[in-house]
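Down below is the structure, laid out as structure tokens.
The values are calculated or read from the model by the stated rules, or taken from the named source; none is laboratory data. Bear in mind that the values here come from a model prediction, so they are computed numbers and not experimental data. Please note: Cβ atoms are built from the backbone with ideal geometry, for glycine as well, and neighbour counts cover all protein chains shown. We work out accessible area using only protein heavy atoms, side chains counted, and drop any ligands, DNA or RNA first. Shrake-Rupley method; radii C 1.70, N 1.55, O 1.52, S 1.80 Å.
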Amino acid sequence: MSKIVLMTDSASDIPVELERELGIKIICFQHAFGDTAYTSRVDFDNQKYYELLSNFDGIPSTSQVTPFEFQEIYEQEFANGCTDLIYVSINAKGSATHGNAVLAEELFYEEHPDARETMRITVIDGKTYTCGYGFAVIEAARKLQSGATADEVIAYITDWCNHCQIYFVPYTLKYAAKSGRINGATAFLGNALGIKPLMLIKDQAINDVGKIRGEKNIIKTVSESSVKKMEPDMPYCLVYGDNPESAEELKNVMTQKMGYAPSMLCQIGAEIAANAGPRVIGVVFYKA
């Protein structure tokens, strides 16, 4: 009898209630504010992290999940009779965590060659961030509960992650400048002039694809840009931070434009907020 374990990391921003309801195993990243370390989803919720971020002058660091940690998980699941372990990781180009999971798989099988016949480990590159891959994990978990096989959910997750795109806008460039993702002078000028970048996450890369002048134009630009690229009748999600009112506004606009509501509204957690800031808005969608 098969025993399938579906696993991801905390950067997927899967709500805690769905994690529990669907039996998804989530590995949590470690965050350091100076000399103080915290574990995502354990030591703080999203709102608490936003507060920590706003009160910290430096740059919080996020630790990758190590090969040793993954190997411990593989050992535990093997002992528990797992037959298929499916791990969907944060974008491999944005974190060494994916590579560490692959390395741990090799080390695990070296120590347990007999396990090759009884437990299959599949590491899937989520290729994006937040619910860009978190949504695929949620849907895969629902498929498993409905009787889908491991091969079927692996195919589904891989297809979604290969075609997922995200349009998003950070409301401030302060955090991107702190982390070195953009030039400090560019961030200062953009904030001073009220110019927000329209960002596109596609093919594992984050690109600045437009400029938005004034916050009042953000919802309009994000929704119009997304609708132009989205596949009809395919599910989509919205992402937001400490601005739930903006998420509701975007939800109403997108529902009117698409004729159906988003599948979920996803609040960004620590891993995304550390680099984009606590206030963002965006649309996650499938593009064939």
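Considering every residue within the range 29-39, establish whether at least one is touching a helix residue (DSSP H, G or I) at 6+ places or on another chain (Cβ under 9 Å) and in a loop (DSSP other than H, G, I, E, B). The answer is yes, given that some residue of the range 29-39 is touching a helix residue (DSSP H, G or I) at 6+ places or on another chain (Cβ under 9 Å) and in a loop (DSSP other than H, G, I, E, B). Looking at the range 1-28 only, could you name the residues that are over 15 Å from the mean Cα position of the chain (by Cα), modelled with pLDDT of 95 or more and in a loop (DSSP other than H, G, I, E, B)? Result: K3, G23.
When I73, I138, I124, I59 are screened for being modelled with pLDDT of 95 or more, of a type outside the set (F, W, Y) and outside any helix (DSSP H, G or I), only I124 passes. Across the range 219-251, the number of residues qualifying as assigned to a strand (DSSP E or B) and open to solvent by less than 10 Å² (accessible area, probe 1.4 Å) comes to 3.
Evaluate the following for Y87: is it among the hydroxyl-bearing types (S, T, Y), open to solvent by less than 40 Å² (accessible area, probe 1.4 Å), touching a residue at least 24 places away in the same chain (Cβ under 8 Å) and in a strand (DSSP E or B)? The answer is yes for Y87. When the criteria are applied in full, G282 fails the requirement of being of a type outside the set (A, V, I, L, M, F, W, C), buried (at least 19 other Cβ atoms within 10 Å of the Cβ) and farther than 24 Å from L18 by Cβ.
Does N207 satisfy the condition of being open to solvent by 50 Å² or more (accessible area, probe 1.4 Å) and assigned to a helix (DSSP H, G or I)? The answer is no for N207. Every condition in (1) open to solvent by less than 30 Å² (accessible area, probe 1.4 Å); (2) modelled with pLDDT under 95; (3) within 14 Å of L200 (Cβ to Cβ) holds for G214 except the one numbered (3). Among the residues of the range 55-77, those identified as within 19 Å of P278 (Cβ to Cβ) and open to solvent by 70 Å² or more (accessible area, probe 1.4 Å) are N55, D57, I59. Here A92, A150 are screened, and the one residue that is open to solvent by less than 70 Å² (accessible area, probe 1.4 Å) and within 28 Å of L200 (Cβ to Cβ) is A92. Taken as a whole, the range 168-186 holds at least one residue that is basic (K, R), modelled with pLDDT under 90, over 30 Å from D84 (Cα atoms) and not in a helix (DSSP H, G or I). If only residues of the range 40-53 that are open to solvent by 70 Å² or more (accessible area, probe 1.4 Å) and part of a helix (DSSP H, G or I) are counted, the one that is farthest from T8 (Cα to Cα) is E51. Checking each residue in the range 252-273 for being assigned to a strand (DSSP E or B), open to solvent by 30 Å² or more (accessible area, probe 1.4 Å) and over 18 Å from T39 (Cα atoms) picks out only L265. If the condition is being part of a helix (DSSP H, G or I), open to solvent by 10 Å² or more (accessible area, probe 1.4 Å) and farther than 26 Å from D203 by Cβ, then the range 95-121 contributes E106, L107, Y109, E110, E111, P113, D114, R116, E117.
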